[in-house]
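Contents: one structure, followed by commentary.
The values are calculated or read from the model by the stated rules, or taken from the named source; none is laboratory data. All values reported here derive from a predicted model rather than from experimental measurement. Neighbour counts run over all protein chains shown; Cβ positions are idealised from the backbone, glycine included. For the accessible areas, the whole protein counts, side chains as well, though only heavy atoms, and no ligand, DNA or RNA atoms are used. Shrake-Rupley method; radii C 1.70, N 1.55, O 1.52, S 1.80 Å.
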Amino acid sequence: MGTNHTSRIVGVVWGLLVLNTLGSTGARTIVPLPRSLIQMVTMGSLVAAFALALVVNPRVRIRASAYVFLLTLLLVPSLISSVDQGAGFGALFRCARLALFIGTLWLLSRWWDGGTTFVRHHIRMYFAVLGTVAAGLVVSPGTALSGEYGGRLVGVLWPLTPPQIGQYAAVIIGLTVLLLMGRRTDRTSAAVVIVPSLALLVLTHTRTATLGLLVGLVLAIGSLILTSAAARRFFTWAVLCATVAAVVFSSALQAWFLRGQSQENFASLTGRAKVWHALLAAPRTTSQYLFGMGLGDKSFDGLPIDNSWLAVFNEQGVTGIALVAAIIVVLGGVALLRPPSLSRACAIFLISYCGIASYTEAGLGDASPYLLHLALAASLLATPAEAAPLSTPVVPRQRIPRWAQRSEVS
């Protein structure tokens, strides 16, 4: 199988993983899509991703990866809690999905070499997803900006919530900015991605994604300031523009940030704090405290948890929290130890974004876009595989006839 053909298949596998993590719940679509059909598409994409990964990696050659290893360990409390607590078929199905997701990452780890190839796969696929959102906005703007989410942009061709759209837009904006600074893309191509994605991010009114984008870029660009003149110029202009915008558009920015909410609602993080307090106050057995209640839909008493750490505590216990914390610490530690580079900056952006988003979004304990972002960071932090040393060719010894040997002696 040719190298280019293999690279294309690997890109398809990554795209299928993105499709699997889009989820099956969200806004109402223009054409009603049964949830069973959406689940069939998302789960089928994961099975297809695993099968294709086996096709391009039939000998199951993998690279050592602390990130994927810790994810594999996360399966242990997930299975223990799902079986021990009698969580039912749904929890076991989610465990199987997580196992298949991790298995696909193991198979793809063979091509993790610290390059930006998977960054491009990531940007292309999420930009395609945002393309469906933009198309839905053009076809039915009233539905896409419906009052169900307070006038925030939703996906109406595929059910996507405002936080999902904001997350995808913020991630590809940040990665594209870093590729532009590293001269891995031209300004026209970068503008094609950044401008519409930024417009969609503004329409979603997603504060977490915006904050994650800004903080992630500051940290990523800061890691390049000492070695990159482009990073220093961009940082200077960004600070200048942000200062001017904060002064000139302060009232508009404040209105966008509050989204018409009262101070009390904003202080309780749109009602999230009430759910968090109830979850922490709920009685638990020792087994539930250690291993959780089993993989579920990241809700408590029918309300979304919207916090990765509390969702992991509820479903995988303190064991799961320890493993997820280890993932963040290990990736962050490796990123700090690497010398300044574009790959390192992209990894820092992704790790920072996921860390910030974990406070108001769930997903670090199950197959989700956040685990895929961190997998991309792990691929960027991988060291290039060493080339096999060239062996010295063995020259066959020529047999000298006896009469020639006698003549040489004489």
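Does any residue of the stretch 29-43 turn out to be charged (D, E, K, R) and assigned to a helix (DSSP H, G or I)?
Pass one, the stretch 29-43, residues charged (D, E, K, R): 35.
Now restrict to residues that are assigned to a helix (DSSP H, G or I): 35.
Yes, the stretch 29-43 contains a residue that is charged (D, E, K, R) and assigned to a helix (DSSP H, G or I).
With the requirement that a residue be outside any helix (DSSP H, G or I) and of a type in the set (Val, Ile, Thr), what does the stretch 350-387 give you? Step through it out loud before you land on a result.
First pass over the stretch 350-387, keeping only residues outside any helix (DSSP H, G or I): 358-368, 382-387.
Correct list: Thr360, Thr383.
So is Gly131 among the small types (Gly, Ala, Ser), open to solvent by 30 Å² or more (accessible area, probe 1.4 Å) and farther than 30 Å from Val218 by Cα or not? Write out each step before concluding.
Working: among the small types (Gly, Ala, Ser): yes; open to solvent by 30 Å² or more (accessible area, probe 1.4 Å): yes; farther than 30 Å from Val218 by Cα: no.
So Gly131 does not fit the description; no.
Being in contact with a strand residue (DSSP E or B) (Cβ under 9 Å, 6 or more places away or on another chain) and more than 29 Å from Ala377 (Cβ to Cβ) is the filter; apply it to the stretch 276-331 and report the residue that is most open to solvent (accessible area, probe 1.4 Å).
Ala278
Take the stretch 122-170 and flag every residue that is in a helix (DSSP H, G or I), among the hydroxyl-bearing types (Ser, Thr, Tyr) and in contact with a Gly (Cβ under 9 Å, 6 or more places away or on another chain). Give the derivation first.
At the first step, the residues of the stretch 122-170 found to be in a helix (DSSP H, G or I) are 122-139, 141-144, 147-149, 162-170.
Going one step further and asking which of them are among the hydroxyl-bearing types (Ser, Thr, Tyr), we end up with 126, 132, 143, 149, 168.
Scanning the stretch 122-170 gives Thr132, Thr143.
State all residues of the stretch 55-68 that are surrounded by fewer than 15 Cβ atoms within 10 Å (Cβ to Cβ) and part of a helix (DSSP H, G or I); if no residue qualifies, say none.
Val55
Given the criteria in contact (Cβ under 8 Å) with a residue 24 or more places away in the chain, within 19 Å of Leu380 (Cβ to Cβ), open to solvent by less than 70 Å² (accessible area, probe 1.4 Å) and within 26 Å of the chain's Cα centre (by Cα), does Leu217 qualify?
Numbers: in contact (Cβ under 8 Å) with a residue 24 or more places away in the chain: yes; within 19 Å of Leu380 (Cβ to Cβ): yes; open to solvent by less than 70 Å² (accessible area, probe 1.4 Å): yes; within 26 Å of the chain's Cα centre (by Cα): yes.
For Leu217, the condition - in contact (Cβ under 8 Å) with a residue 24 or more places away in the chain, within 19 Å of Leu380 (Cβ to Cβ), open to solvent by less than 70 Å² (accessible area, probe 1.4 Å) and within 26 Å of the chain's Cα centre (by Cα) - is met.
Which residues, counting only those in the stretch 315-346, are in contact with a Lys or Arg (Cβ under 8 Å, 6 or more places away or on another chain) and assigned to a helix (DSSP H, G or I)?
Here is the first cut: in the stretch 315-346, the ones in contact with a Lys or Arg (Cβ under 8 Å, 6 or more places away or on another chain) are 315, 335, 338, 342, 344.
Once the filter is applied, which keeps residues that are in contact with a Lys or Arg (Cβ under 8 Å, 6 or more places away or on another chain) and assigned to a helix (DSSP H, G or I), the stretch 315-346 yields Glu315, Ala335, Leu342, Arg344.
For Ile305, work out the one condition from (1) modelled with pLDDT under 85; (2) farther than 27 Å from Ala220 by Cβ; (3) among the aliphatic types (A, V, I, L, M) it doesn't fulfil.
With (1) modelled with pLDDT under 85; (2) farther than 27 Å from Ala220 by Cβ; (3) among the aliphatic types (A, V, I, L, M) applied to Ile305, the lone miss is (1).
Take the residues in the stretch 221-237 that are polar (S, T, N, Q) and open to solvent by 30 Å² or more (accessible area, probe 1.4 Å), then tell me which one is nearest to Leu350 (Cα to Cα). Outline the logic, then answer.
The first filter runs over the stretch 221-237 and keeps only residues polar (S, T, N, Q), leaving 223, 227-228, 236.
Now drop any that are not open to solvent by 30 Å² or more (accessible area, probe 1.4 Å), which leaves 227, 236.
Numbers: Thr227: 20, Thr236: 22 Å.
The extreme case among them is Thr227.
Residues are listed down the side, and each one gets a yes or a no for (1) part of a helix (DSSP H, G or I); (2) modelled with pLDDT under 95:
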residue	(1), (2)
Ile172	yes, no
Arg183	no, yes
Ser189	yes, yes
Val192	yes, no
Leu200	yes, no
Thr208	yes, yes
